[in-house]
Amino acid sequence: MRKCSINDLNSVFEKISQSAVLYIPVDGENGADYKIWEKGVELSNALNTNKSPKNFFFPQSEDLVEFKTEGKDIEVIDIRDSKEDFVVFGVRACDVKSFEVLDRVFLSEPVDSYYADRREHGVIISMACSRPVETCFCQTFDIDATNPLGDIACWKTDDAVYFEAKTEKGQALMDKISDLTSESDDKAVEEQKTKTTEIMKRLPLADLKADKFGAGKTEEFFNDPAWAELSQSCLGCGTCTFVCPTCQCYDIKDYNTGKGVIRYRCWDSCMYSDFTRMAHGNSRNSQLERFRQRFMHKLVYYPENNEGLFSCVGCGRCLSKCPISMNIVKVMKTLGGKNNG
Ligand code: SF4
Ligand code: SF4
């Protein structure tokens, strides 16, 4: 384990940004979001960012390919911009876990080469949580907020930042900042882990369990009458899907620039009435069906196809962002029984 003084963290950022674009969480008017580091940009102390870091690998909108026509000839031009090296600093354990969920979708055959390029060119520096909040429930999905994964794991105390390389990519980056860090024992890190674990035990969602969900539960939950009440007030705004680190629905569209056609991909939401609309109409006609789809996918269908891995990481974003205060925890408590958490 290596460490640097908190006062030297900006020097570490400067060193990293000499060889790659560095993104860090930065405070804004409405909370923290990732920004490119440059001199004068300060690291946020917020627990997490408004938007999750999935944007770095699966951007909200990205140009895929351009078509140019001349007479009967069509030229296909690869315009991807996914080959730039970058580093994301301060990713929480829940969000690091979300990359595993996304990997299973985008890196399965046929591999999504745009996503794969970004995964190859990105280095993740995670950050252990020391002040989890009441909307956190990562422990429901066996995620340890005090011990995040990533290419490098970090722990920040009042006076120092501790680093531990977890992958070859992470070690290569650690080598680049070796003159700004020094060998250290893990005493302060272990103390922080113990304190944070105690806080986690006292959080309101500490006892929420996911055991009732998972593979083979479609029949049990699909026709549950509770979906009607749960979905009744849903506005279909899609906020929950856009802030969610594991949601991965997208649409592909063509845009005529006047000089050619650009094919681009952008996030979509299974909560929208026109999602996957086909010539014959929509496959899910009511908000109840769309609402049910989102939660059944996270709690039943995805684990069924992915060795039990849930497609929720307990980040709590949908708990704090939904305009009608509906969220996956309410769904889990309602369907899983009143004694669930
Ligand atoms: S659950 Fe909430 S955030 Fe999600 S679509 Fe419905 S109203 Fe919007
Ligand atoms: S469903 Fe909600 S709590 Fe779960 S990962 Fe998505 S935003 Fe986070």
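Is at least one residue of segment 250-260 among the hydrophobic types (A, V, I, L, M, F, W, C) and either more than 16 Å from ligand 1 (Cβ to nearest atom) or at positive phi (or both)?
For segment 250-260, residues among the hydrophobic types (A, V, I, L, M, F, W, C) and either more than 16 Å from ligand 1 (Cβ to nearest atom) or at positive phi (or both): present.
Can you tell me which condition Thr241 does not meet? The list is (1) without any contact (Cβ under 8 Å) to a residue 60 or more places away in the chain; (2) within 14 Å of ligand 2 (Cβ to nearest atom); (3) more than 18 Å from Met332 (Cβ to Cβ), and all the others hold.
With (1) without any contact (Cβ under 8 Å) to a residue 60 or more places away in the chain; (2) within 14 Å of ligand 2 (Cβ to nearest atom); (3) more than 18 Å from Met332 (Cβ to Cβ) applied to Thr241, the lone miss is (3).
Being without any contact (Cβ under 8 Å) to a residue 24 or more places away in the chain, within 22 Å of Lys97 (Cβ to Cβ) and not β-branched (Val, Ile, Thr): is that true of Asn285 here? Break it down stepwise before answering.
Working: without any contact (Cβ under 8 Å) to a residue 24 or more places away in the chain: yes; within 22 Å of Lys97 (Cβ to Cβ): no; not β-branched (Val, Ile, Thr): yes.
It is false that Asn285 is without any contact (Cβ under 8 Å) to a residue 24 or more places away in the chain, within 22 Å of Lys97 (Cβ to Cβ) and not β-branched (Val, Ile, Thr).
With respect to Phe310, determine if the residue is within 22 Å of the chain's Cα centre (by Cα), away from ligand 1 (no atom under 13 Å from the Cβ) and not assigned by TED's automatic domain parsing to the domain that holds Asp33.
Judged against the criteria, Phe310 is a match.
Return the residues of segment 288-340 that are of a type in the set (Lys, Arg) and touching a residue at least 24 places away in the same chain (Cβ under 8 Å); say none if nothing qualifies.
Arg290, Arg292, Arg294, Lys298, Arg317, Lys321, Lys330, Lys333
Residues that are within 18 Å of Lys54 (Cβ to Cβ): list the strands (runs of 3 or more DSSP E) wholly contained in segment 92-176 that include at least 1 such residues.
Once the strands (runs of 3 or more DSSP E) in segment 92-176 are filtered for at least 1 residues that are within 18 Å of Lys54 (Cβ to Cβ), what remains is 122-126.
How do the pairs read when you match residues in segment 2-28 that are in a strand (DSSP E or B) with residues anywhere that are modelled with pLDDT under 95 and hydrophobic (A, V, I, L, M, F, W, C), using Cβ under 9 Å and keeping only pairs 6 or more apart or on different chains?
Pro25/Ala46; Asp27/Ala46
Determine the pairs where a residue that is farther than 20 Å from Asp158 by Cβ, located within segment 173-193, has a partner that is in a helix (DSSP H, G or I) and of a type outside the set (Val, Ile, Thr) with Cβ atoms under 7 Å apart, the partner being 6 or more residues away or on another chain.
Lys176/Lys15; Ile177/Lys15
What single numbered condition from (1) surrounded by 15 or more Cβ atoms within 10 Å (Cβ to Cβ); (2) touching a residue at least 60 places away in the same chain (Cβ under 8 Å) fails to hold for Thr69?
Thr69 satisfies all of (1) surrounded by 15 or more Cβ atoms within 10 Å (Cβ to Cβ); (2) touching a residue at least 60 places away in the same chain (Cβ under 8 Å) except (1).
Give the residues of segment 212-228 that are without any contact (Cβ under 8 Å) to a residue 40 or more places away in the chain and either surrounded by 12 or more Cβ atoms within 10 Å (Cβ to Cβ) or not in a helix (DSSP H, G or I) (or both), sorted by residue number.
Just the residues of segment 212-228 that are without any contact (Cβ under 8 Å) to a residue 40 or more places away in the chain, to begin with: 219-220, 223, 225.
Those that are without any contact (Cβ under 8 Å) to a residue 40 or more places away in the chain and either surrounded by 12 or more Cβ atoms within 10 Å (Cβ to Cβ) or not in a helix (DSSP H, G or I) (or both): Glu220, Asn223, Pro225.
For segment 34-91, list the strands (runs of 3 or more DSSP E) that sit wholly inside it and hold at least 1 residues that are among the basic types (Lys, Arg), out of contact with any helix residue (DSSP H, G or I) (no Cβ under 6 Å at 6 or more places or on another chain) and farther than 22 Å from Ser126 by Cβ; which are they?
Answer list for segment 34-91: 61-70.
Could you list, in sequence order, all residues of segment 196-205 that are surrounded by 12 or more Cβ atoms within 10 Å (Cβ to Cβ) and away from ligand 2 (no atom under 15 Å from the Cβ)?
Thr196, Thr197, Ile199, Met200
The values are calculated or read from the model by the stated rules, or taken from the named source; none is laboratory data. Just so you know, these numbers come straight off a predicted model, no measurement behind them. Heads up, the Cβs are rebuilt from the backbone with ideal geometry, glycines too, and the neighbour counts pull from every protein chain shown.
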